[in-house]
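Written below as structure tokens is the structure these notes are about.
The values are calculated or read from the model by the stated rules, or taken from the named source; none is laboratory data. All values derive from a computational prediction rather than experimental measurement. In this analysis, Cβ positions are derived from the backbone assuming ideal geometry, glycine residues included, and neighbour counts consider all displayed protein chains. What goes into the accessible areas is simple: the full protein's heavy atoms, side chains included, and nothing from ligands, DNA or RNA. Shrake-Rupley method; radii C 1.70, N 1.55, O 1.52, S 1.80 Å.
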2 protein chains.
Amino acid sequence: MLMLNIGDGKGKTTASIGQIIRSLGHGFKVCLIQLFKDNDFYGEQNILLKLENLDFFSFIKKHPCYLDNISSERLKSLCDPAVDKLRELNSINSKRYDLVVLDEFNIALRDRLIDENEFVALVEKLSRMSNVVVTGRGYPKALIDMADLVTEMKEIKHYYSNGVQAQKGIEY
Amino acid sequence: MLMLNIGDGKGKTTASIGQIIRSLGHGFKVCLIQLFKDNDFYGEQNILLKLENLDFFSFIKKHPCYLDNISSERLKSLCDPAVDKLRELNSINSKRYDLVVLDEFNIALRDRLIDENEFVALVEKLSRMSNVVVTGRGYPKALIDMADLVTEMKEIKHYYSNGVQAQKGIEY
């Protein structure tokens with residue numbers, strides 16, 4: 001089953017974390033793969049790392065906009081291990097996960113750091129073995145067409161527009 | 001700060017659970033109040049109950065549509081402890097929570113089991129002391145107007161429409 005949390009609103013990643021907690025509560029095995037997130041900054045990591053049956057992989061700890069003077073080629077090579085991990089998940093049938101969450105891969109696709117066609121093919125194959133949740137703003141149409149469930153987190157109102165900064169425990 | 005997760009799509013409750021995990025990860029104190037949920041059924045309870053700094057209150061363990069032959073007056077009286085808890089949270093400044101999540105109160109408001117004006121007033125006061133997340137389909141306009149952040153979880157596509165049933169670890 002393939003599920004997408006998309007849109008410009010809040011709740012894409014937090015909903016996937018809730019999904020992880022729900023699955024773990026049933027004793028399911030879960031894999032979370034994040035890109036471009038400084039996990040130390042995000043509160044959830046402190047809880048998630050302590051939970052059994054969750055394998056947590058994080059690649060490239062910073063959003064590309066904070067990575068100055070880095071070539072596109074270098075960024076691409078930093079994304080390779082994430083794609084390798086996806087290939088590995090597809091190849092290991094013996095230790096498959098019940099739920100795989102792919103967080104913020106959209107940025108890598110947008111910046112052509114990961115090949116779109118290969119990503120879509122890997123996710124398609126994986127979603128036949130495991131429940132897969134993919135989160136982030138904007139994904140290729142092929143992925144949306146393929147998905148079993150798509151939810152748009154739509155921003156109706158946000159305190160950012162009143163000049164309020166990101167809040168600890170809320171946005172991170 | 002008052003935040004609402006509304007809409008017909010998936011992710012309202014799971015996003016609030018993710019928010020809880022994020023807040024707990026920063027060492028914040030959190031209170032979750034749920035109505036009408038058979039918590040034994042939902043996987044998340046098995047994880048949430050083990051976490052420190054989270055107080056979890058659940059009232060009326062079944063959705064009203066599964067409560068046959070119960071009078072509206074009786075249902076109302078079953079909701080009273082939930083409102084009492086909200087009053088208590090507003091009165092105890094010494095042991096306030098950093099985050100309070102109110103899940104599925106919309107059903108009680110829709111069926112007039114909880115007085116709308118009192119609920120809005122209690123949430124308004126509480127949101128000045130704590131971050132408050134309210135989840136569910138459809139809330140009074142007064143609450144939406146008052147909120148600092150409103151996200152609509154919008155169903156773009158759902159496997160329910162293909163006749164697929166609710167999935168363990170996904171919907172519950």
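Does the stretch B:115-133 include one or more residues that are surrounded by 15 or more Cβ atoms within 10 Å (Cβ to Cβ), within 14 Å of another protein chain (Cβ to nearest Cβ), out of contact with any Lys or Arg (no Cβ under 9 Å at 6 or more places or on another chain) and not in a strand (DSSP E or B)? Yes: the stretch B:115-133 contains one or more residues that are surrounded by 15 or more Cβ atoms within 10 Å (Cβ to Cβ), within 14 Å of another protein chain (Cβ to nearest Cβ), out of contact with any Lys or Arg (no Cβ under 9 Å at 6 or more places or on another chain) and not in a strand (DSSP E or B). In the stretch B:67-85, the residue that is surrounded by the most Cβ atoms within 10 Å (Cβ to Cβ) out of those that are of a type in the set (Lys, Arg) and under 23 Å from B:Gly138 (Cα atoms) is B:Lys85. If you filter the stretch A:39-74 down to residues that are among the β-branched types (Val, Ile, Thr) and either more than 14 Å from every other protein chain (Cβ to nearest Cβ) or touching a strand residue (DSSP E or B) at 6+ places or on another chain (Cβ under 8 Å) (or both), you find that the one that is nearest to B:His26 (Cα to Cα) is A:Ile60.
Considering (1) in contact with a Phe, Trp or Tyr (Cβ under 6 Å, 6 or more places away or on another chain); (2) away from chain A (no Cβ under 14 Å); (3) within 29 Å of A:Glu171 (Cα to Cα), the lone condition that B:Pro81 does not fulfil carries the number (3).
Scan the stretch B:146-166 residue by residue and report those that are facing another protein chain (nearest Cβ under 7 Å) and open to solvent by 50 Å² or more (accessible area, probe 1.4 Å). Don't jump to the end; show me each part of the working.
At the first step, the residues of the stretch B:146-166 found to be facing another protein chain (nearest Cβ under 7 Å) are B:147-159.
Correct list: B:Asp148, B:Lys154, B:Glu155, B:Ile156, B:Lys157.
With a requirement of 2 or more residues that are surrounded by 24 or more Cβ atoms within 10 Å (Cβ to Cβ), the strands (runs of 3 or more DSSP E) lying completely within the stretch A:1-64 that satisfy it span A:2-6, A:30-35. Within the stretch B:86-114, the residues that satisfy the criterion of being outside any helix (DSSP H, G or I) and surrounded by fewer than 23 Cβ atoms within 10 Å (Cβ to Cβ) are B:Ile92, B:Asn93, B:Ser94, B:Lys95, B:Arg96, B:Tyr97, B:Asp98, B:Asp103, B:Glu104, B:Asp111, B:Arg112, B:Ile114.
Only residues that are without any contact (Cβ under 8 Å) to a residue 60 or more places away in the chain and more than 7 Å from chain A (Cβ to nearest Cβ) were counted across the stretch B:1-38, and they come to 2.
Under 22 Å from A:Asn106 (Cβ atoms) and modelled with pLDDT under 95: is that true of A:Asp55 in this structure? Steps first, please.
Numbers: under 22 Å from A:Asn106 (Cβ atoms): yes; modelled with pLDDT under 95: no.
The answer is no for A:Asp55.
Among the residues of the stretch A:134-164, write down those that are β-branched (Val, Ile, Thr) and in a loop (DSSP other than H, G, I, E, B).
Initially, the stretch A:134-164 is screened for residues β-branched (Val, Ile, Thr), giving A:134-135, A:144, A:150-151, A:156, A:164.
Within the stretch A:134-164, just A:Val164 meets the criteria.
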